[in-house]
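Have a look at the structure below before the remarks.
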Amino acid sequence: MKDKLKYLVPTAAVTSLFLAGCGDDDGATVDACAGVSGTEALLAGSWTLTKEDGISTQGTIFEDDLGDEYTYTLVYKFECGGDFDIRQVLVYTDDAQNPLVYSYEGSWDFKSADETIDIEWTNDENDVYEWDFEVESISESSLKGSLFADGDTVLQEFTKQ
């Protein structure tokens with residue numbers, strides 16, 4: 001029995017330290033998704049662009065100003081609590097092994113009165129972008145709406161990752 005006790009005391013000490021470390025941190029840890037429902041709750045997650053103005057972006061080859069061909073993927077990530085990430089990956093056909101990846105951070109706020117998402121993000125040159133996305137329809141797996149950005153309106157459709 002004495003042999004078993006010599007392992008029990010250190011194990012109990014480590015366990016109590018572990019459990020103490022999993023505490024509430026004096027209320028500092030709050031579930032950012034608590035109290036969120038409806039459209040705002042459905043928005044939380046990563047969304048991959050599938051269509052712009054009715055044209056598929058999946059596997060479509062685009063051409064830049066220099067005539068170089070590429071495909072691209074665009075992902076919006078809405079996190080509970082207001083964090084927003086935008087990620088764009090361009091894969092040039094002549095250099096498919098070295099895709100260009102652009103990732104930026106910002107914030108978002110959902111306005112339930114008019115089903116609009118206010119999005120703000122900053123690029124590497126510290127240019128600030130302010131967009132409005134008007135939600136037309138949303139489900140667990142798809143998002144469709146109009147993006148109002150820089151004087152343009154683009155109809156976008158997404159699938160949830």
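The values are calculated or read from the model by the stated rules, or taken from the named source; none is laboratory data. It should be emphasised that the depicted structure is a prediction, and the values quoted were computed from it without experimental measurement. Methodologically, a virtual Cβ is constructed for each residue, glycine included, from the backbone with ideal geometry; neighbour enumeration extends over all protein chains shown.
For the stretch 89-112, indicate whether the set of residues that are aliphatic (A, V, I, L, M) and within 30 Å of Gly35 (Cβ to Cβ) is non-empty.
no
Look at the stretch 50-59 and say how many of its residues are closer than 23 Å to Phe148 by Cα and assigned to a loop (DSSP other than H, G, I, E, B).
4
Residue by residue through the stretch 119-134, note down the ones that are out of contact with any Ser or Thr (no Cβ under 6 Å at 6 or more places or on another chain) and either more than 16 Å from Asp85 (Cα to Cα) or in a loop (DSSP other than H, G, I, E, B) (or both). Spell out how you get there, then give the answer.
Within the stretch 119-134, the first condition is being out of contact with any Ser or Thr (no Cβ under 6 Å at 6 or more places or on another chain), and the residues that meet it are 119, 121-127, 129-131, 133.
Hits for the stretch 119-134 are Asn123, Asp124, Glu125, Asn126, Asp127.
Please go through the stretch 134-150 and pick out each residue that is of a type outside the set (Asp, Glu) and more than 19 Å from Lys77 (Cβ to Cβ). Break it down into steps so the answer makes sense when it comes.
Residues of the stretch 134-150 of a type outside the set (Asp, Glu): 135, 137-139, 141-149.
Hits for the stretch 134-150 are Ser137, Ser146, Phe148.
Acidic (Asp, Glu), part of a loop (DSSP other than H, G, I, E, B) and at pLDDT 90 or above - does that describe any residue in the stretch 22-38?
no
Out of the residues in the stretch 64-90 that are without any contact (Cβ under 8 Å) to a residue 24 or more places away in the chain and touching a Leu at 6+ places or on another chain (Cβ under 8 Å), which is nearest to Asp118 (Cα to Cα)?
Checking each candidate, the answer is Arg87.
Could you grab the pairs with beta carbons closer than 7 Å, sequence gap of 6+ or different chains, first residue in the stretch 96-111 and closer than 15 Å to Leu147 by Cα, second one outside any strand (DSSP E or B) and not small (Gly, Ala, Ser)?
Phe110/Thr39; Phe110/Glu40; Phe110/Leu43
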